[in-house]
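Reviewing the structure listed below.
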Amino acid sequence: MLGRVRTAVAQLVGGLGPAPGAQHPRDSPAPPPAAPGPSACRGPPVGGGFSRPAFLQLTSEELQRADDHAGRAVQSPRESRRRLPWSTGYAEVINAGKSQHNEDQACCEVVVVDRRCSPRCNPDLYFHYWGLFDGHAGSGAAVMASKLLHLHICDQLRDLVDILQDSSPPPLCLPGILPSDALPRFHLEKAVSHESLVIGAIENAFKRMDEQIEREQMTRLVAGGCCALAVVYLLGKVYVANAGDSRAIIIRNGEIIPMSREFTPETERQRLQFLGFLRPELLGNEFTHLEFPRRIQHKELGKKMLYRDQNMHGWAYKRIEEDDLKFPLIYGEGKKARVMATIGVTRGLGDHDLKVYNSNIHIKPFLSCVPEVRVYDLTQYEHCPDDVLVLGTDGLWDVTNDREVADVVTEVLMGYEPNDPCRYTMAAYELVVRSRGVLKERGWRLANDKLGSGDDISVFVIPLGGPGNYT
């Protein structure tokens, strides 16, 4: 399996070239649900390594329009082309000029999991997969992750093919040199669920993906980093893994169920401060791990001012010392909050070479590639065709909230027959159009004349009825 991952990487040109032709991680027939086209990005028909998800099947003319910052044409799968699994809806649009190309990437796959070595006791597993990758400082990491993260998840699941299909508790040890009945048993052995095994597999896959980006960054010129939001549907459960500031919500019978949270300097303040406290050498004698409401001035030495450290949720006063004049590890608030005055997200993939401007201080030690994984059991509810899972990069959520997104989705779906598979693409399309806005003299504006999103926007709308109802 890892050999196939390496083969896929070998076919990337600078992290941006065409991916392997294989649709699944092994040469085998697709599982019963119809598989989508390969998630590999097309080669760079437009200069600068520009590429978009292959499932869009864009022509060269459409690729040129997709790369136009002025027109910002919304792209989505065409009705006449191959449909995505579960009749998934997708739409995207390029930014208004903040970067040369669209740095978002997306993937939608059905992946077969073959067992590693064990005797065949059950059929092979397969899982449905969706991924959004919001790149920064270049698209290389996002492109690479969009092509390979699902293969890493597949590899982590290979030892679990039979375990997950067996109702008995997972074994403490996998079969090896000793027979399982020769292993000692303990009365205080911790119970481990099948669900937690899948969560652990996804977490490890993110770590393996990050390690691969680090290994390949020089030879494959993998630039920058990316936030990663991945969804795995396996054996009746939906696993939503988020590392970054993208967001996922479930809309069920009008109710909104958050399936992720953003990881930013503000939401992870205490983790970052604690690391700076434990390892002050990472601060390079330029930063302080303490937080103050504003920068401290030299004339304020000796005064008592508000602060908080890694152990505090509230604020208190302390006497200002010389070390407090250093730049705060976390500075700013809201979307302007930054780690070391550089990056506004604290989890994701890549960024191994990211340094503080004009210094040799590395920021990667403060960034985590480990996602938070939330689980939703589809078997516990009877879902109607209007119940959906919405995934979006921060370009969507910067200008709209959960309730507004839910209202738009509901409004669009009501205009289509429940069995019309195009309704989910139209819902994704409408979310992108409304968050982008309309170009006016004062820039892109929303319906209420507020500033529209100038960022790349990518959206999946996934019906919760699953493959049985909507494929």
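Free of Cβ contacts under 8 Å to residues at least 24 places away in the same chain and within 17 Å of the chain's Cα centre (by Cα) - does that describe any residue in the stretch 207-229? Looking for residues that are free of Cβ contacts under 8 Å to residues at least 24 places away in the same chain and within 17 Å of the chain's Cα centre (by Cα), one finds at least one in the stretch 207-229, hence yes.
Where strands (runs of 3 or more DSSP E) fall entirely within the stretch 207-298, those with at least 2 residues that are buried (at least 18 other Cβ atoms within 10 Å of the Cβ) are at 225-234, 237-243, 247-252.
Among the conditions (1) within 18 Å of the chain's Cα centre (by Cα); (2) open to solvent by less than 10 Å² (accessible area, probe 1.4 Å), the only one that GLU103 does not satisfy is (2). Just checking, does the stretch 434-447 include any residue being within 19 Å of the chain's Cα centre (by Cα), crowded, with 19+ Cβ neighbours inside 10 Å and closer than 30 Å to GLY348 by Cβ? No, the stretch 434-447 has no match at all.
Evaluation of ALA145 against the conditions (1) open to solvent by 10 Å² or more (accessible area, probe 1.4 Å); (2) closer than 18 Å to ALA248 by Cβ shows that the sole unmet condition is (1). Of all residues in the stretch 315-346, those being open to solvent by 40 Å² or more (accessible area, probe 1.4 Å) and either under 24 Å from SER368 (Cβ atoms) or not in a strand (DSSP E or B) (or both) number 14.
Can you work out which of the residues in the stretch 147-167 that are in a helix (DSSP H, G or I) and among the acidic types (Asp, Glu) is farthest from ASP124 (Cα to Cα)? Taking the candidates together, the pick is ASP155.
Checking the stated criteria, LEU464 turns out to be surrounded by 15 or more Cβ atoms within 10 Å (Cβ to Cβ) and touching a His at 6+ places or on another chain (Cβ under 7 Å). All of (1) assigned by the TED database to the domain that holds TYR129; (2) within 23 Å of the chain's Cα centre (by Cα); (3) modelled with pLDDT under 90 hold for GLY37 with one exception: (1).
The values are calculated or read from the model by the stated rules, or taken from the named source; none is laboratory data. Keep in mind the model is a prediction, meaning the values are calculated, not measured. Neighbour counts are summed over all protein chains in view; Cβ atoms, including those assigned to glycine, are modelled from backbone coordinates with ideal geometry. When the accessible area is computed, the model is the full protein with side chains, heavy atoms only, and any ligands, DNA or RNA have been set aside. Shrake-Rupley method; radii C 1.70, N 1.55, O 1.52, S 1.80 Å.
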